[in-house]
Amino acid sequence: MADREKVAHLLRRATFGPTAEEVDAAESRGPAATLDALFDPPSPDAGAARTPPPKLGPVINEKTDRTEQVRVVGAWWLDRMVQADHQVHEKLTFFWHGHWATSADKVRSGPLMLAQQQTLFSTALDDFATQVHTMLRDPALILWLDGDKNTVKAPNENLARELMELFTLGVGHYTEQDVRAGARALTGWVVDTKSGTATVNPKRHDDGPKTILGKTANFDADTYADLLLAQPASPEFIVRRLWLRYCSDAPIPQDVLDRAKTRTTTAAMLRELLSADGHAELVKQPVEWLVGALRQLRIRPGELPDAQRRQLTNVLAQLGQQPLHPPSVGGWPAGAAWLTTAATQARLKVAQTLAARAPKSLLDRLTAVPPAQRPTALARLLVVDRFTDRTLAALTPVAGDVRRLLALGLVSPEYAVN
């Protein structure tokens, strides 16, 4: 594999979607230096500075204000994903959103969903233990999994079960007795939605001894989390999740797992995986597809007319991956689930809108070459290694209309995978 293809592959996996200019720069640096720059950026994130979190006012009308605040947070996050220069950090934040999948459909609070996003951002790259301890205090997660209903008199097992099954250990590494005892450890948490805080009410907390994973103690949220994090299954579970989302839907090679699970931060784990062999084609998730297209076409969602901003949100909802609205605590699916006829039609509609908004300077790069060479120029622009003969047969007849050519390139099979 040539260096350009190596760095293009690395950037497609580590970011939401690299621009042609980013690939050019990476090719000149080489794969090793590109990896270094991704995980140790040489300058502050100017894109993030341009997109500060929104300031949300008080809720006056319960029915309309809550819905509008959630929409504002979702639209801001999409803009941040596009604008962020430190793409590894931004994409990992979204990975964690799918991991701790919490939906505004139940939480019904823009401020709480924004606060959770900020928590995921601040802990995205660091040690997983810090994130677990912080998330067990996250008001949105507590409400989402009924942690506020979990009391000494009426234990609720939802959060304890998902904490072990989906967040830290995986299926097969705990028993139903562990779930019941874990629920007792998490009793007592209450959420103040006005202040956006979660605290323990001692009268609602079970402070008696509990036996979890063979250990007996007066476990509370923190000591329960420490117990789970000390299990060998925990780092392996996180590494496997990262491998699935970033590298391959095939099982992770044992030697790669053994190396990655010893790394002390999520960033170090991911760096190990991105450096490893064994990657396979992955279907882009809808958010990856849209954010990548917006970055490559130099379109900032926050600068679009309101109707077109809403169209972007709506198309993600149609495609089944709208930020802040995961379908369940299990998060979003992966792979071929995103490749449906309806999805292709929805993508084509928004691709046509994006092509119509593409700046003239970008279109000039396509019109500067003869029509017969434009599909090749398009592949470079969209960071596709190459189009197949079948795709070229569909693109070549429309090469005289560069906006149409661009729209079809965005819905090509080669662009749908990375």
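The values are calculated or read from the model by the stated rules, or taken from the named source; none is laboratory data. Remember, predicted model here, so these are calculated numbers, not experimental data. Neighbour counts are summed over all protein chains in view; Cβ atoms, including those assigned to glycine, are modelled from backbone coordinates with ideal geometry.
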Look through region 169-198, keep the residues that are of a type in the set (Ser, Thr, Tyr) and buried (at least 22 other Cβ atoms within 10 Å of the Cβ), and return whichever of them is farthest from the chain's Cα centre (by Cα). Thr187
Conditions first: (1) closer than 25 Å to Glu5 by Cβ; (2) in contact (Cβ under 8 Å) with a residue 12 or more places away in the chain. Asp255 passes all but one, so which condition is the exception? (2)
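Table: residues versus (1) farther than 30 Å from Leu229 by Cα; (2) of a type in the set (Phe, Trp, Tyr); (3) in a helix (DSSP H, G or I).
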| site | (1), (2), (3) |
| --- | --- |
| Pro41 | no, no, no |
| Pro52 | yes, no, no |
| Ala101 | no, no, no |
| Lys106 | no, no, yes |
All positions within region 244-274 that are among the polar types (S, T, N, Q), surrounded by 17 or more Cβ atoms within 10 Å (Cβ to Cβ) and in a helix (DSSP H, G or I): Thr266
Evaluate region 58-71: report whether one residue or more is surrounded by 14 or more Cβ atoms within 10 Å (Cβ to Cβ), at pLDDT below 95 and not in a helix (DSSP H, G or I). yes
Name the residues in region 293-309 that are in contact with a helix residue (DSSP H, G or I) (Cβ under 6 Å, 6 or more places away or on another chain), over 21 Å from Glu414 (Cβ atoms) and of a type in the set (Gly, Ala, Ser), would you? Gly302
Taking the condition in contact with a helix residue (DSSP H, G or I) (Cβ under 9 Å, 6 or more places away or on another chain), assigned to a loop (DSSP other than H, G, I, E, B) and either crowded, with 20+ Cβ neighbours inside 10 Å or β-branched (Val, Ile, Thr) (or both), does Phe94 pass? no
Output the residues belonging to region 339-360 that are free of Cβ contacts under 8 Å to residues at least 60 places away in the same chain and part of a helix (DSSP H, G or I). Thr341, Ala342, Ala343, Gln345, Ala346, Lys349, Gln352, Thr353, Ala355, Ala356, Lys360
When you look at Leu282, is it touching an Asp or Glu at 6+ places or on another chain (Cβ under 8 Å), closer than 30 Å to Leu363 by Cβ and hydrophobic (A, V, I, L, M, F, W, C), yes or no? yes
Of the residues in region 300-314, those that are not charged (D, E, K, R) and not in a helix (DSSP H, G or I) number 2
Leading residue by the ranking (farthest from the chain's Cα centre (by Cα)) among those in region 201-243 that are of a type in the set (Lys, Arg) and assigned to a helix (DSSP H, G or I): Lys203
List the number of the failed condition for Arg309; all other conditions in (1) under 24 Å from the mean Cα position of the chain (by Cα); (2) charged (D, E, K, R); (3) farther than 28 Å from Ala140 by Cα hold. (3)
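The rows are residues; the columns are (1) touching a Leu at 6+ places or on another chain (Cβ under 9 Å); (2) over 21 Å from Arg245 (Cα atoms).
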site	(1), (2)
Val72	yes, yes
Met81	yes, no
Lys91	no, no
Arg108	yes, yes
So how many residues does region 202-223 have that are loosely packed, with under 13 Cβ neighbours inside 10 Å and either under 15 Å from Asp148 (Cα atoms) or not assigned by TED's automatic domain parsing to the domain that holds Thr151 (or both)? 2
Of everything in region 9-25 that's among the aliphatic types (A, V, I, L, M) and within 23 Å of the chain's Cα centre (by Cα), which residue is surrounded by the most Cβ atoms within 10 Å (Cβ to Cβ)? Leu11
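Each row is one residue, and each column tells you yes or no for (1) within 24 Å of Glu288 (Cβ to Cβ); (2) touching a His at 6+ places or on another chain (Cβ under 8 Å); (3) surrounded by fewer than 23 Cβ atoms within 10 Å (Cβ to Cβ).
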{"position": "Gln117", "(1), (2), (3)": "yes, yes, no"}
{"position": "Phe128", "(1), (2), (3)": "yes, no, yes"}
{"position": "Pro139", "(1), (2), (3)": "no, no, no"}
{"position": "Arg161", "(1), (2), (3)": "no, no, yes"}
When you go through Leu324, Leu304 one by one, which is the residue that is within 25 Å of Phe167 (Cα to Cα), in the same structural domain as Leu381 (by TED's automatic domain parsing) and hydrophobic (A, V, I, L, M, F, W, C)? Leu324
In region 79-93, is there at least one residue being more than 30 Å from Ala416 (Cβ to Cβ) and among the polar types (S, T, N, Q)? no
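To keep it simple, each residue is scored yes or no on (1) in contact with a His (Cβ under 6 Å, 6 or more places away or on another chain); (2) surrounded by 15 or more Cβ atoms within 10 Å (Cβ to Cβ).
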| site | (1), (2) |
| --- | --- |
| Ala2 | no, no |
| Val7 | no, yes |
| Ala33 | no, no |
| Leu38 | no, yes |
| Asp45 | yes, yes |
Within region 72-87, restricting attention to residues that are of a type in the set (A, V, I, L, M, F, W, C) and in a helix (DSSP H, G or I), which residue is surrounded by the fewest Cβ atoms within 10 Å (Cβ to Cβ)? Val72
If you scan region 147-172, which residues turn out to be part of a helix (DSSP H, G or I) and either without any contact (Cβ under 8 Å) to a residue 24 or more places away in the chain or among the polar types (S, T, N, Q) (or both)? Lys149, Asn158, Arg161, Glu165, Thr168
